[in-house]
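Have a look at the structure below before the remarks.
The values are calculated or read from the model by the stated rules, or taken from the named source; none is laboratory data. Predicted model, so just to flag it, every value in this text is computed and none were measured. Reconstructed Cβ throughout: ideal geometry from the backbone, glycine too, with neighbour counts over all protein chains shown. Surface areas here come from the heavy atoms of the whole protein model, side chains and all, with no ligands, DNA or RNA. Shrake-Rupley method; radii C 1.70, N 1.55, O 1.52, S 1.80 Å.
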Amino acid sequence: MTEIPAHELDDGTTLPAIGFGTYPLKDDEAVDAVTSAIDAGYRLVDTAVNYRNEDAVGRGLKASGIPRDQLQVATKLPGRDHGYDETLASFERSRAALGVEYIDLYLIHWPNPSVDRYVESWRAMIELRERGLVRSIGVSNFTEEFLTRLRNETGELPSVNQVELHPYFPQAELRGFHEANGIRTEAWSPLGKNAPVLSEPAIVDTAKRHGVSPAQVVLRWHVQLGSVPIPKSKTPSRQRENIDVFGFELSADEIAAITALGRPDGRLFDGDPNMHEEM
Ligand SMILES: NC(=O)c1ccc[n+]([C@@H]2O[C@H](COP(=O)([O-])OP(=O)(O)OC[C@H]3O[C@@H](n4cnc5c(N)ncnc54)[C@H](OP(=O)(O)O)[C@@H]3O)[C@@H](O)[C@H]2O)c1
């Protein structure tokens, strides 16, 4: 089984260098996928209220037989629960659905700027961490502007920002801001979901050179960028393949060639956090 390195977060906790995504898995399929992913070596599992699978993810965590303190679960606050009291109540529902005493990483799923209540939610998340109910707090889909507002109004930046990040959308500027400010980047749709990323010659040729698969090249690219990818797969052989990315190294030129696949319109759907909102 692969031993996974970890990053230290700015709050002193650690986050595995790769995690397991669970959308859109549900019910027994989600339980089975989480169990086999943990068996393959994943120790960080990503869910959200809006994936409607927190209960199944929680069952998968328990079925794995791995002690709770060796596993990390991340979940996300939905847009309809923004606000201070609403966040505290939503957290309790997530905790109950997952069947856990504490949540390792709690994220605001989308900023929803037209609603304009993410700062209130952020204050509640700080409170939850101070009460020991959440180990680390973070956000998802936040731009530099939204992150800066959190710092200006609460004095505290998130430990993690989970954003769309893959070779068609490498997010160089935002990653630079994260790095300068102690925020760990997590990458959603790290393999580009079902976009043709994995057939790009720059990736296929690199895979042949290293004797690995195109997916492993892309995940290794994330690891070397310092971002934490959370690939989803319901297929146990792919789960094992995706976590087996710590035994080879890409050159600076190979990294640059993959990053050069980025394009201004590289988002998988129109998920610009200034415009796209999810409740
Ligand atoms: N914060 C947010 O707003 C946000 C948004 C989107 C996603 N997410 C999170 O990020 C996770 C990952 O993103 P994603 O599921 O959209 O995309 P992804 O992980 O980039 O891609 C998943 C797709 O790739 C396939 N796949 C997995 N490993 C493969 C391999 N080795 N070779 C070929 N194909 C492979 C999977 O198929 P099979 O399952 O059939 O094997 C699935 O169709 C989600 O599950 C979710 O937890 C967060």
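Which percent of Cα pairs goes in each bin when the distances of the chain are cut into 5 angstrom slices starting at zero?
Final binned percentages: 1, 6, 13, 18, 19, 18, 13, 8, 3, 1, 0.
Using θ = phi - 60° and the Karplus curve 6.51 cos²θ - 1.76 cosθ + 1.60, what whole-Hz ³J(HN,Hα) does each residue of the range 234-249 get, with Gly and Pro shown as x?
8, 9, x, 5, 6, 4, 5, 4, 5, 8, 8, 10, 10, x, 8, 9
With every protein chain left in place, what is the accessible area of Arg184 in Å² (1.4 Å probe, nearest 10)?
60
Net charge around Arg151, counting only other residues with Cβ within less than 14 Å of its Cβ (Lys, Arg = +1; Asp, Glu = -1)? Could the numbers behind the result be given before it?
Numbers: positive: Arg123, Arg149; negative: Asp10, Glu144, Glu145, Glu153, Glu156.
Net local charge, Arg151 excluded: -3.
Can you grab the distance from the C-alpha centre of the range 1-26 to the C-alpha centre of the range 129-159, Å, no decimals?
Cα centres, the range 1-26 to the range 129-159: 18 Å.
Report the accessible area of Thr13, computed with a 1.4 Å probe over the heavy atoms of all protein chains in place, in Å² rounded to the nearest 10.
40
Under a 1.4 angstrom probe, counting protein chains only, how are Trp221, Trp188 ranked by accessible area, largest first? Don't jump to the answer; show the numbers that get you there.
Numbers: Trp221 0, Trp188 35 Å².
Descending accessible area places them as Trp188, Trp221.
I'd like the accessible area for Arg267: 1.4 Å probe, protein heavy atoms, all chains in place, Å² to the nearest 10.
70
Provide the per-residue ³J(HN,Hα) series for the range 22-39, in order, calculated from phi with Karplus coefficients 6.51, -1.76, 1.60 and θ = phi - 60°, each as a whole number of Hz, with x at glycine and proline positions.
Result, ordered by residue: 10, 7, x, 5, 9, 6, 4, 5, 6, 4, 5, 5, 5, 5, 6, 5, 5, 4 Hz.
Taking the Cα centre of each part, how many Å lie between the range 164-195 and the range 42-96?
When both Cα centres are located, 22 Å separates them.
Taking a probe of 1.4 Å, how large is the accessible area per residue of the chain, in Å²? The partial results should precede the final answer.
Working: 11700 Å² over 279 residues.
I get 42 Å² per residue for this part.
Working with all protein chains in place, sort Phe169, Phe269, Phe20 by solvent-accessible area computed with a 1.4 Å probe, largest first.
Details: Phe169 30, Phe269 90, Phe20 0 Å².
Final ranking, largest accessible area leading: Phe269, Phe169, Phe20.
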